[in-house]
Amino acid sequence: MYTGQGSQYVNMGKFLFETNEVFRDAFLLCDRLFKPMILKSIVDLLYGVNAKEEEVEKTVYAQPLIFAIEYALTVFWRSIGVIPEIVMGHSIGEYAAAVTANIMSLEDAVKLVSIRGRLMDSAPGIGGMGTIFAKEEEVEALIESYGNEVSIAAQNTEETCVISGNLQTVEEILETAGKKGIRVKKLKVSHGFHSPLMEPILNDFQVIASEITYQLPTIRFVSALYTEEMNDKKLIDASYWTSHIRNK
């Protein structure tokens with residue numbers, strides 16, 4: 001299982017990077033591929049002497065960093081004989097899962113992740129995200145009066161939902177839930193991903209996503225978008241990855 005944005009921090013994976021050649025080589029490969037796309041070294045962003053949390057929190061860098069760590073970890077696990085039989089991920093993590101399942105090549109994934117991060121970083125509006133530890137129907141009741149300002153971006157468990165949208169509205173909903181005795185957590189993100197705020201960038205992303213070659217998975221691949229195993233190439237095409245930005 002591959003996590004999404006909000007999990008990144010300076011020096012993540014540093015011990016493996018310094019002590020394991022397989023992990024380091026895989027991460028350095030990602031560094032070489034991402035550098036011309038984002039005009040930054042992901043090695044410097046994470047492990048440099050001037051590495052800063054505010055930099056790795058920027059969507060344009062956070063998404064490549066998370067993807068690269070997840071890819072390098074997968075290569076490391078394979079090197080010691082841990083071969084996945086089934087993969088899944090949320091948000092940017094689903095790209096790492098897709099590479100593991102051979103749905104797309106590493107090079108194509110790097111291209112998509114770079115463009116995705118850049119476009120999502122440029123999305124208009126001030127957005128935010130937060131986790132509400134409650135059932136989906138309870139969360140829907142909390143957000144229903146806010147119209148198209150906020151939506152459920154992810155349902156991680158039966159009693160864990162992530163909401164996303166206008167930052168002020170998200171904070172207001174989290175405060176309301178907290179007053180009702182429901183546990184909440186504001187997420188460390190720069191935008192309201194998987195919400196109506198992402199709609200202005202979808203057409204531009206679909207143009208780039210249409211240039212990529214997609215294959216049927218060679219490892220069982222469970223879609224976070226459809227919450228089921230995917231075996232049809234048509235369901236993991238450019239439209240899928242475009243919808244993936246807007247929906248949970």
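The values are calculated or read from the model by the stated rules, or taken from the named source; none is laboratory data. For clarity, every value in this text was computed on a predicted model and none was experimentally measured. Here Cβ is always computed from backbone atoms with ideal geometry, including for glycine, and neighbour counts include all displayed protein chains. When the accessible area is computed, the model is the full protein with side chains, heavy atoms only, and any ligands, DNA or RNA have been set aside. Shrake-Rupley method; radii C 1.70, N 1.55, O 1.52, S 1.80 Å.
Points worth noting:
- When residues in the stretch 107-159 are screened for being loosely packed, with under 15 Cβ neighbours inside 10 Å, over 30 Å from P36 (Cβ atoms) and hydroxyl-bearing (S, T, Y), 2 of them pass.
- Residue that is nearest to N156 (Cα to Cα), among those in the stretch 76-108 that are part of a helix (DSSP H, G or I) and of a type in the set (S, T, Y): Y95
- Residue pairs whose Cβ atoms lie under 9 Å apart, sitting 6 or more positions apart in sequence or on different chains, and linking a residue in the stretch 1-22 that is free of Cβ contacts under 8 Å to residues at least 12 places away in the same chain to a partner that is part of a helix (DSSP H, G or I), are E18/R24; E18/Y47.
- Per-region count, the stretch 15-26, residues assigned to a loop (DSSP other than H, G, I, E, B) and either loosely packed, with under 15 Cβ neighbours inside 10 Å or in contact with a Cys (Cβ under 8 Å, 6 or more places away or on another chain) (or both): 0
- Residue pairs meeting the criteria (Cβ under 8 Å; at least 6 apart or on separate chains; first closer than 14 Å to I38 by Cα and free of Cβ contacts under 8 Å to residues at least 60 places away in the same chain, in the stretch 53-71; second open to solvent by 10 Å² or more (accessible area, probe 1.4 Å) and of a type in the set (F, W, Y)): E55/Y61; V56/Y9
- Among the residues listed as L73, L33, L29, the single one being in a helix (DSSP H, G or I), at pLDDT 95 or above, closer than 26 Å to M230 by Cα and open to solvent by 30 Å² or more (accessible area, probe 1.4 Å): L73
- Candidates in the stretch 3-43 are the residues that are among the small types (G, A, S) and within 15 Å of K58 (Cβ to Cβ); of these, the one that is farthest from the chain's Cα centre (by Cα) is S41.
- Residue among F205, F221 that is closer than 30 Å to E54 by Cβ and among the aromatic types (F, W, Y): F205
- Filter result (in a loop (DSSP other than H, G, I, E, B), in contact with a helix residue (DSSP H, G or I) (Cβ under 9 Å, 6 or more places away or on another chain) and either of a type in the set (D, E) or on the phi > 0 side of the Ramachandran plot (or both)) within the stretch 141-175: E149, E158, E159
- Number of positions in the stretch 202-222 that are assigned to a loop (DSSP other than H, G, I, E, B), among the polar types (S, T, N, Q) and either without any contact (Cβ under 8 Å) to a residue 40 or more places away in the chain or over 17 Å from M88 (Cβ atoms) (or both): 3
- Inclusion of M104 among residues that are within 23 Å of Q215 (Cα to Cα) and either open to solvent by 20 Å² or more (accessible area, probe 1.4 Å) or of a type in the set (D, E, K, R) (or both) is not warranted.
- Of all residues in the stretch 176-195, those satisfying the criterion of being outside any loop (DSSP other than H, G, I, E, B) and either open to solvent by less than 30 Å² (accessible area, probe 1.4 Å) or in contact with a strand residue (DSSP E or B) (Cβ under 8 Å, 6 or more places away or on another chain) (or both) are A177, G178, V184, K185, K186.
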